[in-house]
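Worksheet: the structure to be examined is printed underneath.
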Amino acid sequence: MGGSTSAILAFSNIGDLLPYYTAIVTLLAVAFYFFLATRVALAHGKFNVKLPATSGDVDFERIFRVHMNTLEWMPTFLVPLWLCAFYLSDIAAAVLGLAWIVGRALYFAGYSKAVEKRLPGFFIQSAACILLFIGAIVGIVMRGPHGFPF
Amino acid sequence: MGGSTSAILAFSNIGDLLPYYTAIVTLLAVAFYFFLATRVALAHGKFNVKLPATSGDVDFERIFRVHMNTLEWMPTFLVPLWLCAFYLSDIAAAVLGLAWIVGRALYFAGYSKAVEKRLPGFFIQSAACILLFIGAIVGIVMRGPHGFPF
Amino acid sequence: MGGSTSAILAFSNIGDLLPYYTAIVTLLAVAFYFFLATRVALAHGKFNVKLPATSGDVDFERIFRVHMNTLEWMPTFLVPLWLCAFYLSDIAAAVLGLAWIVGRALYFAGYSKAVEKRLPGFFIQSAACILLFIGAIVGIVMRGPHGFPF
């Protein structure tokens, strides 16, 4: 009876039930995304593209596109990441999330130099998203609609 | 006592407590959004708009705007969708989420042809978001700040 | 035994375990973001920028950038907001979330008039995001990987 009670008390905070490694990797991804935003801010000055304009210089536009494309992929990354963590595995989601960040860093490094050099990083981050998506489907289907007992 | 214990063990994974149908519909929405991204990629080639540019041809720009507008609405869709699922009803959220995807598909089909033809799909997806928003408010207010017993 | 049973029944809905004030503030943030979208729609008419174009008039472009920049910051805001609420404190996250909305409202009011006037609101919302990010880290690290007892 005592063990049962302590187990119940452990649920007094939702945080005890949530992924740990995926939460850390998600903060890393947000921090990297914030870093990309600072690159755009610097590029506005460096290439003399005055706000509210976000085009007019092709070197600026490549930096701008790195940030914008990363934003465009956020739903495709964050949603499968957390569904995979919740329904399948915290560790698996976190590892694939790290791969996504690595791909995005290569994408930034490449695209900053030339349009074609964005591709290796782009495919790495795409692959990470596809695997997270598959992981989320597997986890949800395995659990089924009646996972919760009452 | 046995029933009580098995119920507690069922909480060992957060996935048992999470929405089921809403999770599936969310993955469908992300898959559709990914499909729109591939339309933009194809349109870059078809209408000869070379990256990093994302404008310069009006036929390209309509496809680009379908994808971008869908991204712009992601917070307005995903946040109420999951708050409605969590605080009110998994099934209701999932059904409205499907309506959103249908609206977005019509929006894509229409906007690809002409600017004015985007409107029917746009209003369907707007209505779905508004209903999800209302559902989330109702669920949160009904539950109140003291839903959790300790 | 009766108390134990009622506590268990309280978990039949995930909503009982979720943040309350943060959920309300999140809906307010989404509502404000939706309001910004309506400002862009009006500005298309007022400044005669015909879709699919989203540039060509500098007064329009400032309104457009308010909305787009708010979208760009959504991952940087929403992710730390909810991780802070889950792992540290619902109230703290909700208060900082309100500060973010205030900053965003000032950003809109300022940027609508002139590019430089966007800055006070911008720094308020940035500070809110940074504090939420720190709060999320503190909460996750304090809890550790073994928060859940089995």
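The values are calculated or read from the model by the stated rules, or taken from the named source; none is laboratory data. Fair warning: this is a prediction, and the values are worked out from it, not measured in the lab. Reconstructed Cβ throughout: ideal geometry from the backbone, glycine too, with neighbour counts over all protein chains shown. To get the accessible areas, we keep the full protein, side chains included, count just its heavy atoms, and leave off ligands, DNA and RNA. Shrake-Rupley method; radii C 1.70, N 1.55, O 1.52, S 1.80 Å.
Enter the buried accessible area of the A/C pair, total of both sides, probe 1.4 Å, in Å² rounded to the nearest 100.
Working: alone 9170 and 9170 Å², together 15120 Å².
When A and C are taken together, about 3200 Å² of accessible area is lost.
Pairs of alpha-carbon atoms within less than 8 angstrom and 6+ residues apart define the contacts here; what relative contact order does region A:71-150 have, in percent?
Across region A:71-150, relative contact order equals 36 percent.
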Requested in this report: Quick one: what are the phi-derived ³J(HN,Hα) couplings along region C:68-83, Karplus 6.51/-1.76/1.60 with θ = phi - 60°, whole Hz, x for glycine and proline?
Outcome: 5, 5, 5, 4, 4, 8, 4, x, 5, 9, 5, 5, x, 4, 7, 5
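Let's see if you can work this out: charge +1 on each Lys and Arg Cβ, -1 on each Asp and Glu Cβ, no other charges. What is the dipole magnitude of chain A about its Cα centre, in debye to the nearest 20?
Working: 10 positive and 7 negative charges, 79 e Å.
Using only the charged Cβ atoms, the result is roughly 380 debye.
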Query raised in the report: So for region A:23-150, taking the charge dipole from beta-carbon charges (+1 Lys/Arg, -1 Asp/Glu), which of A:F86, A:A109, A:A43 sits furthest toward the positive end?
Result: A:A43
Query raised in the report: With heavy atoms of protein chains only and a 1.4 Å probe, what residues of region B:39-59 have at least 40 Å² less accessible area in the full set of chains than alone?
Result: B:L51, B:P52
Query raised in the report: Can you list, shortest first in nanometers, how far C:V138 lies from the same residue in the other copies, with each label 7 Å from Cα toward Cβ?
Result: 3.9, 3.9
Query raised in the report: Copy-to-copy spacing for C:A114, label 7 Å out on the Cα-to-C-beta vector, in nm, shortest first?
Result: 4.4, 4.4
Report summary line: Relative contact order in percent for chain A (Cα pairs under 8 Å, 6+ apart) equals 23
Report task. Starting from a label point 7 Å past Cα on the Cβ side, list the distances from B:L98 to the same position in the other copies, nm, shortest first. Result -> 4.0, 4.0
Requested in this report: Rounded to the nearest Å, what's the spacing between the alpha carbon centres of region C:14-91 and region B:15-88? Just the number, please.
Outcome: 16
Query raised in the report: Among the lysines, which fall within straight-line cross-link reach of B:K46, defined as a Cα-Cα distance under 24 Å, with same-chain neighbours fewer than 8 residues apart omitted?
Result: A:K117, B:K113, B:K117, C:K50
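Counting alpha carbon pairs within less than 8 Å and at least 6 residues apart, what relative contact order, in whole percent, applies to region C:49-111?
Working: 25 pairs, mean separation 18.6, N = 63.
After rounding, I find 29 percent.
Given N residues in the protein assembly as shown, what is its alpha carbon radius of gyration divided by 2.2 N^0.38 Å? Intermediate values should be presented prior to the final figure.
Numbers: Rg = 22.1 Å, N = 450, 2.2 N^0.38 = 22.4 Å.
For the protein assembly as shown, the normalised Cα radius of gyration is 0.99.
Quick check for you: with a 1.4 Å probe and neighbouring chains kept, what is the accessible area per residue of the protein assembly as shown, in Å²?
Numbers: 18230 Å² over 450 residues.
Each residue of the protein assembly as shown exposes 41 Å² on average to a 1.4 Å probe.
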Query raised in the report: Quick one: with all protein chains in place, what share of the accessible area of region B:91-138 is carbon or sulfur, to the nearest percent (1.4 Å probe)?
Result: 85
Query raised in the report: Just the projected area, averaged over all directions, of the convex hull on the alpha carbon atoms of region A:58-150: how many nm²?
Result: 6.1
Report task. Pop out the ³J(HN,Hα) list for region B:104-117 in order, Karplus 6.51 cos²θ - 1.76 cosθ + 1.60 with θ = phi - 60°, rounded to Hz; leave Gly and Pro as x. Result -> 5, 5, 5, 4, 4, 4, x, 5, 4, 8, 7, 4, 5, 6
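Please compute the net charge surrounding A:L106, taking Lys and Arg as +1 and Asp and Glu as -1 over other residues with Cβ under 10 Å from its Cβ.
Values: positive: A:R104, A:K117, A:R118; negative: none.
Summing Lys and Arg as +1 and Asp and Glu as -1 gives +3.
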Requested in this report: Have a look at A:I134, A:I63, A:I101 and tell me which one the Gaussian network model of chain A (Cα, springs below 10 Å) gives the largest fluctuation.
Outcome: A:I134
